[in-house]
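Comments concern the structure below.
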């Protein structure tokens, strides 16, 4: 099968699977990550097919929306790719990327180690989508989905949580900026992502300054 045909089939599968997904983790999120991953790949020595497939399939079953099940997404990706007769090594590579790319897994000191340049590219692309104007919109969209308060000055952020603490957190949405979003800039792997992240980070900082000013009644 030609790569272009495989990508088209993967896109169709993802669109169908995520047609009723929460707005911050829907097809449009996948499309942005896919496009950003392709952009980063232009400046890196990577297997572009693996990058594309991993970007498209990385949130096919986000554990947040499946009772915390971290095995479902990799399993669905594996089953789909095997049904398309993708080479076994490429299937394994894509599945390993999906298993290891989430922010919360980076908090787990006991997780098994896996790394590849392709993982770094897709991870950078996914984390960039959690930053800047889109990142702000996604944070509050998910906070509303979970009925979380915008902010509570009596609940301080915890920027150094364990994986289990992070998974169980029901903190206000503003805390999420200090517990994750503002930490992303310094964790980018590729030069392209670092350049993009810098502007998005500064935008979030400006937003937070304005938010806290308005929260206290001052302009």
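The values are calculated or read from the model by the stated rules, or taken from the named source; none is laboratory data. This one's a predicted model, so the numbers in the text were calculated from it and none came from an experiment. Note: ideal-geometry Cβ built from the backbone for every residue, glycine included; neighbour counts use all protein chains shown.
Mind telling me which of the residues 171, 197 ends up being crowded, with 16+ Cβ neighbours inside 10 Å, within 25 Å of residue 101 (Cα to Cα) and more than 18 Å from the chain's Cα centre (by Cα)?
Within the list 171, 197, the selection yields 171.
Given the condition more than 26 Å from residue 182 (Cβ to Cβ), surrounded by fewer than 18 Cβ atoms within 10 Å (Cβ to Cβ) and modelled with pLDDT under 95, answer yes or no: does some residue in segment 48-56 qualify?
Within segment 48-56, not a single residue is more than 26 Å from residue 182 (Cβ to Cβ), surrounded by fewer than 18 Cβ atoms within 10 Å (Cβ to Cβ) and modelled with pLDDT under 95.
Select from segment 96-146 the residues that are modelled with pLDDT of 95 or more and in a loop (DSSP other than H, G, I, E, B) and write down the one among them that is surrounded by the fewest Cβ atoms within 10 Å (Cβ to Cβ).
In this case the residue turns out to be 116.
Look through segment 148-170, keep the residues that are in contact with a helix residue (DSSP H, G or I) (Cβ under 7 Å, 6 or more places away or on another chain) and without any contact (Cβ under 8 Å) to a residue 24 or more places away in the chain, and return whichever of them is farthest from residue 64 (Cα to Cα).
Among them, the one singled out is 155.
With (1) touching a residue at least 24 places away in the same chain (Cβ under 8 Å); (2) not in a loop (DSSP other than H, G, I, E, B) as the list, and residue 189 as the residue in question, which single condition is left unmet?
Among (1) touching a residue at least 24 places away in the same chain (Cβ under 8 Å); (2) not in a loop (DSSP other than H, G, I, E, B), the lone unmet condition for residue 189 is (2).
Go over the candidates 204, 161 one by one and state the one that is surrounded by 12 or more Cβ atoms within 10 Å (Cβ to Cβ) and assigned to a loop (DSSP other than H, G, I, E, B).
Matching residue, one of 204, 161: 161.
Tally up the residues in segment 174-186 that are touching a residue at least 40 places away in the same chain (Cβ under 8 Å) and either surrounded by fewer than 14 Cβ atoms within 10 Å (Cβ to Cβ) or in contact with a helix residue (DSSP H, G or I) (Cβ under 6 Å, 6 or more places away or on another chain) (or both), please.
3
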